[in-house]
């Protein structure tokens, strides 16, 4: 169970918050890690976020895809990273497509990035080849 991470969207939790919270606590009690996916696009409040037994927050790609330092999205992303870290959460930025976006996320201490800049989705065999190539160049 410790190797599993379940991703939940804000909107799924907000459909029935009390029931969702009970289910999530049950999963967490089993040792499963939990991640809030597409953060910033749903309808939850920060009060709900702090109640959730999650370990990770994934910033929605709509804030990350065209990220530049002077944009309003930059303020949202940087603030979300800082807030999440202060709550003890790891942060994943979704939709990283450009090197300058990845550079900003590194500077702002985002824990993980995912997106086409790193790799498109891969099946198991293609992932193994990609990983071997990556290791060979390291």
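If the condition is being surrounded by 13 or more Cβ atoms within 10 Å (Cβ to Cβ) and at pLDDT below 90, then the stretch 47-68 contributes 48, 49, 51, 52, 66. The set of residues in the stretch 15-46 being touching a strand residue (DSSP E or B) at 6+ places or on another chain (Cβ under 7 Å) and either part of a helix (DSSP H, G or I) or at pLDDT below 90 (or both) consists of 24, 27, 28, 38, 39, 40, 42. Which of the following residues is more than 11 Å from the chain's Cα centre (by Cα) and modelled with pLDDT of 95 or more: 92, 96? From the options 92, 96, the qualifying one is 96. Can you say whether residue 24 is more than 16 Å from the chain's Cα centre (by Cα), crowded, with 18+ Cβ neighbours inside 10 Å and more than 25 Å from residue 121 (Cβ to Cβ), as far as the supplied structure shows? The answer is yes for residue 24.
State yes or no: is residue 84 touching a residue at least 12 places away in the same chain (Cβ under 8 Å), under 17 Å from the mean Cα position of the chain (by Cα), assigned to a helix (DSSP H, G or I) and within 24 Å of residue 4 (Cα to Cα)? Considered against the rule, which asks whether it is touching a residue at least 12 places away in the same chain (Cβ under 8 Å), under 17 Å from the mean Cα position of the chain (by Cα), assigned to a helix (DSSP H, G or I) and within 24 Å of residue 4 (Cα to Cα), residue 84 comes out as yes.
For residue 63, the test of being part of a helix (DSSP H, G or I) and in contact with a helix residue (DSSP H, G or I) (Cβ under 6 Å, 6 or more places away or on another chain) is passed.
A Cβ distance below 7 Å, combined with a sequence gap of six or more or placement on separate chains, defines the contacts here; from the stretch 120-136, residues that are without any contact (Cβ under 8 Å) to a residue 60 or more places away in the chain reach residues that are assigned to a helix (DSSP H, G or I) in the pairs 122/130. The number of residues in the stretch 9-21 being within 21 Å of the chain's Cα centre (by Cα), surrounded by fewer than 13 Cβ atoms within 10 Å (Cβ to Cβ) and under 12 Å from residue 51 (Cβ atoms) comes to 0.
The values are calculated or read from the model by the stated rules, or taken from the named source; none is laboratory data. As the structure is a computational prediction, the values presented were derived from the model and not from experiment. Please note: Cβ atoms are built from the backbone with ideal geometry, for glycine as well, and neighbour counts cover all protein chains shown.
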